[in-house]
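Reading through the structure tokens given below for one structure.
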Amino acid sequence: MAAKPDIISGGPLPLNCGDRLNERFTVHKLPPEPERKAFFAGLADKVRMLQWSGSIKTGPEIMDALPKLELISCFGVGYDGIDVAAASARKIKVTNTPDVLNDCVADTAIALMLNIMRRYVEADRYVREGKWLKAPQALQTSVHHKKMGIVGLGRIGKTIAKRALGFDMQIGYFGRNNQPGVPFRYFADLADLARWCDVLVVITPGGAETKNLIDGRILDALGPKGYLVNVARGSVVDEPELIRALKAGRIAGAALDVFADEPKVPADFMAMENVVMAPHVASATVETRKAMGDLVVDNLIAHQEGRALLTPVN
Ligand code: NAP
Ligand code: 8YV
């Protein structure tokens with residue numbers, strides 16, 4: 001039997017996806033940072049593929065340390081940690097896991113919106129802590145018939161919009177392009193969208209192009225009655241400015257699945273009642289993580305067998 005090809009694993013895959021990987025490949029686990037130089041040197045002659053995460057900072061140094069590299073198969077639709085231009089320049093292919101997570105991420109965006117505007121997380125604590133015995137919980141903010149501004153109307157943004165229509169919400173969006181055939185109002189200026197909407201949902205890619213897209217100016221345009229939901233990347237929001245805006249009541253509240261320095265979360269957020277947080281779990285269901293893991297493995301196997309990649313990025 002032919003030897004199994006060597007690959008480097010940048011992290012465990014969910015459920016039985018790791019078994020599928022082991023059946024086909026000899027898997028070398030990525031060690032901690034200080035050991036990586038020697039690790040890559042030891043595998044330089046053998047490794048053509050990485051089972052990877054788009055959040056691992058992957059630039060020319062890693063690519064040059066593995067001169068036989070042909071494919072980086074990422075777990076996740078976002079690949080902001082990977083220098084795709086550097087990969088393309090070296091004819092290294094990158095794949096990600098689009099579409100299979102649209103529904104779960106959209107569900108999470110809606111859940112976060114409901115939780116910050118209707119304060120359901122606080123409501124649960126309110127009952128558990130016996131506060132209801134003393135007084136009813138304060139009134140909340142309606143969601144239905146409100147205006148949702150979507151920053152990044154892509155695959156996931158459109159899935160969020162579909163759900164928001166079920167709440168009879170009006171939808172506007174911002175992106176670099178006015179998308180033909182989309183039945184929602186396009187705002188060429190993000191501040192105009194923020195001013196128009198009641199809740200601003202951020203679902204763009206991360207990376208240099210979108211860094212601090214949501215800054216103090218946008219938060220002020222959203223205003224003291226406006227809510228922010230971020231399911232994109234922590235880097236898309238100017239976090240210190242968001243903290244200042246929340247403290248000063250310049251916006252009404254924020255619901256965040258992602259943070260600038262995950263898994264570290266600023267202590268300021270912990271103390272605020274007008275913040276709801278989740279530990280980057282928008283896609284984290286058994287069903288969706290399995291579909292993502294399978295796609296990662298399917299791309300690796302397709303490449304190994306000389307077939308077309310299922311979900312190429314470049
Ligand atoms: P997508 O289909 O590529 O959509 C991205 C959207 O963002 C597009 O509508 C694009 O529109 C817009 N966009 C891109 N660059 C922009 C820029 N510089 N300024 C403004 N808008 C920009 O991607 P997707 O599959 O929906 O995923 C979007 C992102 O969600 C991922 O990259 C990832 O960062 C994040 N995500 C987070 C989680 C989580 O667990 N929280 C899970 C999955 C995904 P234009 O091209 O017209 O600008
Ligand atoms: C994952 C994500 O949590 O797909 C993405 O871009 O952010 C999430 O689905 C992440 O990629 C895996 O850790």
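If you check ASP298, ASP198, ASP257 for being in contact with a strand residue (DSSP E or B) (Cβ under 6 Å, 6 or more places away or on another chain), open to solvent by less than 60 Å² (accessible area, probe 1.4 Å) and among the acidic types (Asp, Glu), only one passes: ASP198. Consider LEU71 carefully, then state whether it is outside the structural domain of PRO205 (by TED's automatic domain parsing) and not polar (S, T, N, Q). Yes; evaluated as a whole, the condition is true for this residue.
Residues that are over 30 Å from GLY249 (Cβ atoms) and over 21 Å from the mean Cα position of the chain (by Cα) within the range 259-314 comprise ASP298, LEU300, ILE301, ALA302, HIS303, GLN304, GLU305, GLY306, ARG307, ALA308, LEU309, listed in sequence order. Residues that are assigned to a loop (DSSP other than H, G, I, E, B), more than 26 Å from VAL121 (Cβ to Cβ) and either in the same structural domain as ALA87 (by TED's automatic domain parsing) or in contact with a Gly (Cβ under 8 Å, 6 or more places away or on another chain) (or both) do not occur anywhere in the range 245-263. Scanning the range 285-295 for residues that are of a type outside the set (Ser, Thr, Tyr) and surrounded by fewer than 17 Cβ atoms within 10 Å (Cβ to Cβ) gives VAL286, GLU287, LYS290. Looking across the range 260-276, the residues that are open to solvent by 10 Å² or more (accessible area, probe 1.4 Å) and over 24 Å from PRO98 (Cα atoms) come down to LYS264, VAL265, PRO266, ALA267, ASP268, MET270, ALA271, MET272, GLU273, ASN274, VAL275, VAL276.
Taken together, VAL121, VAL127 contain a single residue that is under 23 Å from VAL281 (Cα atoms), of a type outside the set (Lys, Arg) and open to solvent by 50 Å² or more (accessible area, probe 1.4 Å), which is VAL121. Residue selection: LEU43 satisfies the criterion of being more than 26 Å from the chain's Cα centre (by Cα) and either surrounded by 12 or more Cβ atoms within 10 Å (Cβ to Cβ) or not hydroxyl-bearing (Ser, Thr, Tyr) (or both). Does ALA194 meet the test of being in contact with a Leu (Cβ under 9 Å, 6 or more places away or on another chain), assigned to a strand (DSSP E or B) and in contact (Cβ under 8 Å) with a residue 40 or more places away in the chain? In short, no. On inspection, LEU295 fails the criterion of being outside any helix (DSSP H, G or I) and farther than 23 Å from MET113 by Cβ.
Residue by residue, here is whether (1) part of a loop (DSSP other than H, G, I, E, B); (2) within 16 Å of ligand 1 (Cβ to nearest atom); (3) more than 29 Å from ASP294 (Cα to Cα); (4) at pLDDT 95 or above holds:
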position: GLY42; (1), (2), (3), (4): no, no, no, yes
position: GLN51; (1), (2), (3), (4): no, no, no, yes
position: SER55; (1), (2), (3), (4): yes, yes, no, no
position: MET63; (1), (2), (3), (4): no, no, no, yes
position: ALA109; (1), (2), (3), (4): no, yes, no, yes
position: THR141; (1), (2), (3), (4): yes, no, yes, yes
position: ILE150; (1), (2), (3), (4): no, yes, yes, yes
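Checking the structure you have, find out if any residue of the range 205-215 is closer than 17 Å to ALA232 by Cα, in contact with a strand residue (DSSP E or B) (Cβ under 7 Å, 6 or more places away or on another chain), of a type in the set (A, V, I, L, M) and within 16 Å of ligand 2 (Cβ to nearest atom). The answer is no; no qualifying residue exists.
Within the range 59-76, residues that are free of Cβ contacts under 8 Å to residues at least 24 places away in the same chain reach partners that are within 16 Å of ligand 1 (Cβ to nearest atom) and part of a strand (DSSP E or B) with beta carbons closer than 6 Å, at six or more positions or on different chains, in the pairs ILE72/TRP52; ILE72/VAL94.
The values are calculated or read from the model by the stated rules, or taken from the named source; none is laboratory data. In this text, all values refer to a predicted model and were calculated from it rather than measured experimentally. Ideal geometry is used to build each Cβ from the backbone, glycine not excepted, and the neighbour counts take in all protein chains shown. Ligands, DNA and RNA are stripped out before the accessible areas are found, and what is left, the full protein with its side chains, is counted by its heavy atoms. Shrake-Rupley method; radii C 1.70, N 1.55, O 1.52, S 1.80 Å.
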